[in-house]
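Visitor: Supplied in structure tokens, the structure appears directly below.
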Amino acid sequence: MTELAAIVLAAGKSKRMNSALPKVLHPVLGLPLFAYTLEAAVEAGIRRLVLIASPDHRELLEQAVATWSEERPEAEGVRVDVAVQETPRGTADAVLAARRRLEGFTGTAVVLCGDAPCVSPGSIEALLREHRARVSDLSVLSAEVNDPRGYGRIVRGPDGDLAAIVEEKDATPEGRAIKEINSGILAFEMPRMWETLERVKPSRETGELYLTDAVTLAKVERRKAIAVHAAVWTDVLGVNDRAQLAEATSVLRDRINLGHMKAGVTIVDPKSAFIDPRARIGRDSTVYPYVLIEGPCEIGSGARIGPFAYIRGGSRVGDKAVVGSYVEVVRSDLGEAAKAPHLTYVGDATIGPSANLGAGTVFANFDGEAKHATKVGANAFVGSGTVLVAPCDVGERARTGAGAIVVRANVPAGETWVGVPAKKLQRRKGDA
Ligand code: UD1
Ligand code: CA
């Protein structure tokens with residue numbers, strides 16, 4: 001098999017985002033845009049990747065890549081280098097910025113766009129399959145779309161092969177009418193393409209060096225160039241502005257939710273469940289409407305989440321546990337069958353199996369300077385409206401009365417504490 005490398009472009013100016021944050025670092029469901037592109041490349045079997053950054057954002061991107069690699073132990077053997085494009089002179093120049101990092105590389109290079117996060121591994125694989133099968137020199141992933149505005153258009157020759165790609169800004173009215181667009185995702189043979197890219201001339205309209213001009217140059221030399229349709233057009237969605245950012249979020253959300261549903265999770269309304277791609281959910285759990293799950297959370301099987309729940313900070317929710325309506329859980333661990341059914345904030349806490357947190361329980365975990373931890377034991381019963389001022393420890397089978405405020409105390413196992421500040425309930429003679 002031929003060698004594979006990916007060049008991921010992420011050094012553009014991204015003016016249309018109107019943001020201080022580099023476009024490719026805008027988060028979608030908890031992960032930066034570019035991470036989805038890297039992920040797809042790795043899943044398609046590419047082990048060597050070069051991310052192209054602008055000098056200003058190099059450090060930020062290097063950090064983001066490091067975080068991504070750490071969180072992805074299964075990506076072992078994957079190498080991601082960051083290369084700098086000194087000035088954003090266009091996509092052809094951006095690809096050339098990878099040249100030093102890929103010194104001596106012979107094989108197929110796949111160019112991906114850091115701002116096209118929806119590309120699926122399947123589409124990259126389809127592109128590579130056709131590229132090899134048809135012994136192509138340069139292959140482009142394309143899609144038929146209803147609204148091609150903003151994309152380069154695919155011009156096919158009489159033989160059906162790729163003849164040229166015309167950028168919208170440079171297109172004639174006939175060119176603009178074409179509905180087949182360039183995804184910005186290409187495969188080509190190295191080292192030959194380096195020379196082709198060196199020969200790209202600035203666009204007369206914009207002065208930019210277009211990667212898409214490499215097609216025309218390759219055709220002049222009678223080299224084979226083809227366009228391959230993506231599996232679905234949403235695979236090629238490019239994010240240039242915030243409206244497209246929302247569109248990409250919706251595509252990725254649907255894809256992630258479909259994955260969970262196939263794995264046996266009921267999602268009542270997939271349009272209103274926003275689940276981080278790193279989150280895991282067990283079989284026969286149900287996600288009710290309006291749920292946000294951020295980060296690499298772990299939810300067991302048979303759990304009930306929502307409606308209106310927010311789980312974050314790598315929290316864990318055990319089998320058959322309940323995180324009910326208007327409940328927020330952060331950096332916490334809920335044991336098997338533990339329940340927080342209504343109006344509760346659980347922060348920096350460990351909740352034992354079958355413990356019950358009454359409506360309106362609040363874990364006061366932050367004293368204005370530092371966060372503190374709280375433990376609630378197995379089968380404990382926390383009364384409605386209890387505030388647990390951390391650090392706190394509520395023992396096994398212990399109870400608190402409604403409205404109790406437990407201030408940095410340990411409630412021993414089996415005891416009942418009530419009042420403000422909460423104290424042990426003294427039972428009078430004759431009490432049951
Ligand atoms: C590009 C394609 C267009 C395609 C579209 C798909 C070119 C000339 N045009 O247009 O045919 O339909 O993508 O989404 O290739 N970048 C750099 N350095 C630069 C310029 C861009 O790294 O100097 C990066 C950007 O960060 C971005 C990607 O390349 O990730 C594409 O650049 P962008 O300016 O968004 O190109 P489009 O106008 O979308
Ligand atoms: Ca773009």
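The values are calculated or read from the model by the stated rules, or taken from the named source; none is laboratory data. Computed from a predicted structure; not experimentally measured. No Cβ is skipped: glycine too gets one built from the backbone with ideal geometry, and neighbour counts run over all protein chains shown. What goes into the accessible areas is simple: the full protein's heavy atoms, side chains included, and nothing from ligands, DNA or RNA. Shrake-Rupley method; radii C 1.70, N 1.55, O 1.52, S 1.80 Å.
Visitor: Could you give each residue of the range 412-417 its phi-based ³J(HN,Hα) in whole Hz, using Karplus coefficients 6.51, -1.76, 1.60 with θ = phi - 60°, and x for Gly or Pro?
Guide: Residue by residue, the range 412-417 yields x, 3, x, 7, 10, 10 Hz.
Visitor: In the chain, carbon and sulfur make up what percent of the accessible area (probe 1.4 Å)?
Guide: C and S atoms contribute 51 percent here.
Visitor: By average Cβ neighbour count within 10 Å, what is the ranking of 12-21, 298-307 from highest down?
Guide: In descending order of packing, they fall as 298-307, 12-21.
Visitor: Roughly what angle does helix 121-133 make with the longest principal axis of the chain, taking Cα atoms, 0 to 90 degrees, to the nearest 10?
Guide: For helix 121-133, the angle is close to 20 degrees.
Visitor: May I ask for the angle, rounded to the nearest 10°, between helix 33-43 and the longest principal axis of the chain, with both axes built from Cα atoms and the value confined to 0 to 90°?
Guide: 80 degrees
Visitor: Here is a further query. Could you work out how far the C-alpha centroid of the range 300-352 sits from that of the range 34-103, in angstrom?
Guide: Computed from Cα coordinates, the inter-centre distance equals 36 Å.
Visitor: Binning every alpha carbon pair distance of the range 1-160 at 10 Å from zero, what are the percents per bin?
Guide: That works out to 10, 38, 37, 13, 1, in percent per bin.
Visitor: Okay, moving on. To the nearest 10 degrees, how steep is helix 242-262 against the longest Cα principal axis of the chain, on a 0 to 90 scale?
Guide: 70 degrees
Visitor: Still on this structure, I have one more. Show me, for the range 229-235, the HN-Hα J-couplings you get by feeding each phi into the Karplus relation (A = 6.51, B = -1.76, C = 1.60, θ = phi - 60°), rounded to Hz, glycine and proline as x.
Guide: 5, 6, 4, 9, 5, 5, 4
Visitor: What list of ³J(HN,Hα) values in whole Hz, one per residue of the range 155-162 in order, does the Karplus curve 6.51 cos²θ - 1.76 cosθ + 1.60 (θ = phi - 60°) give from phi, with Gly and Pro shown as x?
Guide: Whole-Hz 3J(HN,Hα) from phi for the range 155-162: 10, 9, x, x, 7, x, 6, 6.
Visitor: Follow-up question, since we're still on this one. Name the shape class, rounded, prolate or oblate, that the alpha-carbon gyration tensor gives for the range 128-180, where a ≥ b ≥ c are the square roots of its eigenvalues, rounded holds for a/c under 1.5, and otherwise prolate holds if a/b is larger than b/c and oblate otherwise.
Guide: On the way: a/c = 2.41, a/b = 1.93, b/c = 1.25.
It comes out prolate by the Cα gyration axes.
Visitor: Further question: Around Glu208, which amide H atoms from residues at least 5 apart in sequence, or from another chain, sit under 5 Å from its own amide H, with H modelled in the peptide plane?
Guide: Under 5 Å from the amide H of Glu208 lie the amide H atoms of Ser203, each far enough along the sequence or on another chain.
Visitor: How are the C-alpha pair distances of the range 292-429 spread across 5 Å bins, as whole percents from the shortest bin up?
Guide: Spelled out bin by bin, the range 292-429 gives 3, 12, 22, 26, 18, 11, 5, 2, 1, 0, 0 percent.
Visitor: Among the listed pairs Lys13/Lys262; Lys13/Lys201; Lys339/Lys371; Lys179/Lys262; Lys15/Lys169; Lys271/Lys320, which are separated by more than 27 Å between their Cα atoms?
Guide: Working: Lys13/Lys262 39 Å; Lys13/Lys201 20 Å; Lys339/Lys371 23 Å; Lys179/Lys262 33 Å; Lys15/Lys169 16 Å; Lys271/Lys320 24 Å.
Listed pairs above 27 Å: Lys13/Lys262; Lys179/Lys262.
Visitor: Same structure again: Kirkwood-based Rg over Rh for the range 1-96 (C-alpha set), two decimals?
Guide: Reported Rg/Rh (Cα atoms, Kirkwood Rh): 0.96.
Visitor: For the range 315-432, with only Lys/Arg (+1) and Asp/Glu (-1) charged at the beta-carbon, what is the dipole magnitude about the Cα centre, in debye rounded to 20?
Guide: 460 debye
Visitor: Expressed as a whole number of Å, what is the distance separating the alpha-carbon centroids of the range 206-231 and the range 367-432?
Guide: That distance is 69 Å.
Visitor: Here's a follow-up. Skipping prolines and chain starts, which residues have an amide H placed within reach, meaning under 5 Å, of the one on Ile7, given they are 5 or more residues away or on another chain?
Guide: Under 5 Å from the amide H of Ile7: Val50, Val110, Val111, Leu112.
Visitor: Which whole-number value in Å² is the accessible area per residue of the range 151-236, probe 1.4 Å?
Guide: 48 Å²
Visitor: Under a crude label model (7 Å from the Cα following the beta-carbon direction), how far is Ala243 from Thr2 in nanometres?
Guide: 3.9 nm
Visitor: Still on this model: Which log10 I(q)/I(0) values does the chain give at q = 0.06, 0.07, 0.13 Å⁻¹ under the Debye formula, counting every alpha carbon as one identical point scatterer?
Guide: -0.35, -0.45, -1.04
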